[in-house]
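The values are calculated or read from the model by the stated rules, or taken from the named source; none is laboratory data. Treat the numbers as computed from the prediction; the structure is a model and nothing was measured. Here the Cβ positions follow ideal geometry from the backbone for every residue, glycine too, while neighbour counts run over all protein chains shown. Areas reflect the complete protein model, heavy atoms only, side chains present, ligands, DNA and RNA absent. Shrake-Rupley method; radii C 1.70, N 1.55, O 1.52, S 1.80 Å.
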Amino acid sequence: MRAVRAWAEIDLDALDRNLSRIRSRAGAGCEVMLVVKADAYGHGAVEVARAAQARGLRTFCVGTAEEAVELRRAGIAGRIVLLGTLVDGEAEDVLAHGVEICVHSSDRCLRLDELARSRGDRARVHLNVDTGMGRLGVPPERALALQDEIRARRGLELVGLMTHVAASGGLDDPGGRAQVERFDALCRRLQHGAALPRHVHAANSACLFTAGERRFTAVRPGIAAFGMLPGHLAGAELLEPVLSLRTRVVFFKDVPAGTPVGYDGTWSAARDSRIATLPIGYNDGMPWRSGNRAEVLVRGRRVPVVGRVSMDYTTIDVTDVVGVEVGDEVVVIGRQGDEEVTANEVARAAGTIAYEITCSIGRRVPRIPVRSSDRDAIVPAVARSG
Ligand SMILES: *Cc1c(COP(=O)(O)O)cnc(C)c1O
């Protein structure tokens, strides 16, 4: 059996239930285009897309051409939409794999049109309108002209119209509502010229879990599928975390009061203490900034991270927990007994957002798909220190 220092369990039952909740939230006739960019927010894009495909989802959104190709190679046959923008060098792959592309400039449309026609192909594009994100997207007043331009190009097929909402509070936020109203107004204006493209979409997770009715024809949730929402949104209770991050105690040290622990001695034992070392560091998803701030679970109890987190190791104070042994499982994100540490909690301790926490779980941490029902069967081999 492979020795594992830290591992992430991906609970496919929880994912299934989240997808059902997303489906019913989106409502009949509204397509769910599941966002699996950044390796499905660190959860493993191929595994997540396969599980979603098995539940009937047919459309996936990615962030780069490489991510699209990875899904195609894994046999994901449905629609794939590359969000954001193409960068030079991605267009060939995208066309070869039938990936849909978001566009917002004449220049990109021209080049895409030429390339598609030279291949005897058509590029399927979504027109991205900037209603207030201030990042990518064409300004609303240019949208009509660009739409006409796309429709006039034989190498392009306009299949979608989209915008992206900046407010992390979704439609609870006046800024979010204003963006959706702007988008709605634009849709009505565009409709005067010709029929709207087939796919009209605006909602990310925050919008989906705050909007009453305005869904357009499709939604683009990402983080909600993984059981999280931007910190302050109430809808999070409806969802279940999919990922848990686990490790094991590899070493103990009983230190006298006054002993400094870790780089720069930012923590010193205030009493005689038992310090356990965990083989998980900031490369593995334990944020550097969570040193002296986060808590982890061992034997069902919360214990503090003490000292700095290093690249490969983290130290915790287990003085108050009786009977901790080398090999004991430690939970960084997830449940143990009656206690739970959420990715949002780790994010707060580290001064960041949950998105960044799960995206930062490094490559050397295996993602292990589990069904919550049979979790106990998969616990990997114990890694003991020298
Ligand atoms: C990432 C992304 C989403 C999904 O956002 P969540 O907050 O994870 O639901 C939707 N649309 C676009 C354009 C994105 O970049």
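Conditions (1) of a type in the set (A, V, I, L, M); (2) modelled with pLDDT of 95 or more; (3) in contact with a His (Cβ under 7 Å, 6 or more places away or on another chain), marked per residue:
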{"residue": "304", "(1), (2), (3)": "no, yes, no"}
{"residue": "313", "(1), (2), (3)": "no, yes, no"}
{"residue": "335", "(1), (2), (3)": "no, yes, no"}
{"residue": "373", "(1), (2), (3)": "no, no, no"}
{"residue": "382", "(1), (2), (3)": "yes, no, no"}
{"residue": "386", "(1), (2), (3)": "no, no, no"}
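Please specify each residue of region 44-66 satisfying the condition of being within 12 Å of the ligand (Cβ to nearest atom) and not in a strand (DSSP E or B). 63, 64 - these are the residues of region 44-66 that are within 12 Å of the ligand (Cβ to nearest atom) and not in a strand (DSSP E or B). When 156, 171, 186 are screened for being within 16 Å of the ligand (Cβ to nearest atom) and surrounded by 16 or more Cβ atoms within 10 Å (Cβ to Cβ), only 171 passes. Residue check: residue 129 meets all listed conditions (1) within 27 Å of the chain's Cα centre (by Cα); (2) in contact (Cβ under 8 Å) with a residue 60 or more places away in the chain; (3) within 24 Å of residue 116 (Cα to Cα) but one, namely (2). Within region 109-131, the set of residues being away from the ligand (no atom under 16 Å from the Cβ) and open to solvent by 10 Å² or more (accessible area, probe 1.4 Å) comprises 110, 111, 114, 115, 117, 118, 119, 120, 121, 122, 124.
Counting only residues that are part of a loop (DSSP other than H, G, I, E, B) and either in contact with a helix residue (DSSP H, G or I) (Cβ under 7 Å, 6 or more places away or on another chain) or charged (D, E, K, R) (or both), region 254-275 holds 2 of them. Scanning for something more than 18 Å from residue 7 (Cα to Cα), open to solvent by 60 Å² or more (accessible area, probe 1.4 Å) and among the polar types (S, T, N, Q), does region 300-323 turn up at least one residue? No, every residue in region 300-323 fails to be more than 18 Å from residue 7 (Cα to Cα), open to solvent by 60 Å² or more (accessible area, probe 1.4 Å) and among the polar types (S, T, N, Q). Residues considered: 200, 219. Of these, the only one that is within 16 Å of the ligand (Cβ to nearest atom), in contact with a Phe, Trp or Tyr (Cβ under 9 Å, 6 or more places away or on another chain) and either farther than 30 Å from residue 44 by Cα or of a type in the set (A, V, I, L, M) (or both) is 200. Go through the residues of region 282-293 one by one and say whether even a single one is open to solvent by 60 Å² or more (accessible area, probe 1.4 Å), at pLDDT below 95 and outside any loop (DSSP other than H, G, I, E, B). No; the residues of region 282-293 include none that is open to solvent by 60 Å² or more (accessible area, probe 1.4 Å), at pLDDT below 95 and outside any loop (DSSP other than H, G, I, E, B).
If we scan region 198-210, do we find a residue that is part of a helix (DSSP H, G or I), polar (S, T, N, Q) and buried (at least 21 other Cβ atoms within 10 Å of the Cβ)? Within region 198-210 (the criterion being part of a helix (DSSP H, G or I), polar (S, T, N, Q) and buried (at least 21 other Cβ atoms within 10 Å of the Cβ)), the answer is yes, since at least one residue qualifies. Within region 41-66, the residues that satisfy the criterion of being of a type in the set (A, V, I, L, M) and open to solvent by less than 20 Å² (accessible area, probe 1.4 Å) are 45, 48, 49, 51, 52, 57, 62, 65.
When we screen 248, 274 for residues that are touching a Phe, Trp or Tyr at 6+ places or on another chain (Cβ under 7 Å) and basic (Lys, Arg), the only hit is 274.
Within region 17-34, restricting attention to residues that are over 18 Å from residue 238 (Cβ atoms) and open to solvent by less than 70 Å² (accessible area, probe 1.4 Å), which residue is nearest to the ligand (Cβ to nearest atom)?
Let us first name the residues in region 17-34 that are over 18 Å from residue 238 (Cβ atoms), namely 28-29, 31, 33.
Pick out the ones that are also open to solvent by less than 70 Å² (accessible area, probe 1.4 Å) and you get 31, 33.
Numbers: 31: 14, 33: 9 Å.
Per the criteria, the residue is 33.
Sort out which residues of region 222-239 are near the ligand (Cβ under 10 Å from one of its atoms) and open to solvent by 10 Å² or more (accessible area, probe 1.4 Å), and write them in order of number. Lay out the reasoning, then the answer.
Let us first name the residues in region 222-239 that are near the ligand (Cβ under 10 Å from one of its atoms), namely 222-226, 228-230.
Within region 222-239, 228, 230 meet the criteria.
Among the residues of region 80-95, none qualifies, meaning not one is in contact (Cβ under 8 Å) with a residue 24 or more places away in the chain, within 24 Å of residue 371 (Cβ to Cβ) and more than 14 Å from the ligand (Cβ to nearest atom).
Screening residue 102 on (1) in contact with a helix residue (DSSP H, G or I) (Cβ under 9 Å, 6 or more places away or on another chain); (2) crowded, with 18+ Cβ neighbours inside 10 Å shows it passes everything except condition (1). The residues on offer are 243, 186, and the sole one that is without any contact (Cβ under 8 Å) to a residue 60 or more places away in the chain and touching a strand residue (DSSP E or B) at 6+ places or on another chain (Cβ under 7 Å) is 186. Among the residues of region 67-98, the ones that are of a type in the set (Gly, Ala, Ser) and crowded, with 18+ Cβ neighbours inside 10 Å come to 3 in all.
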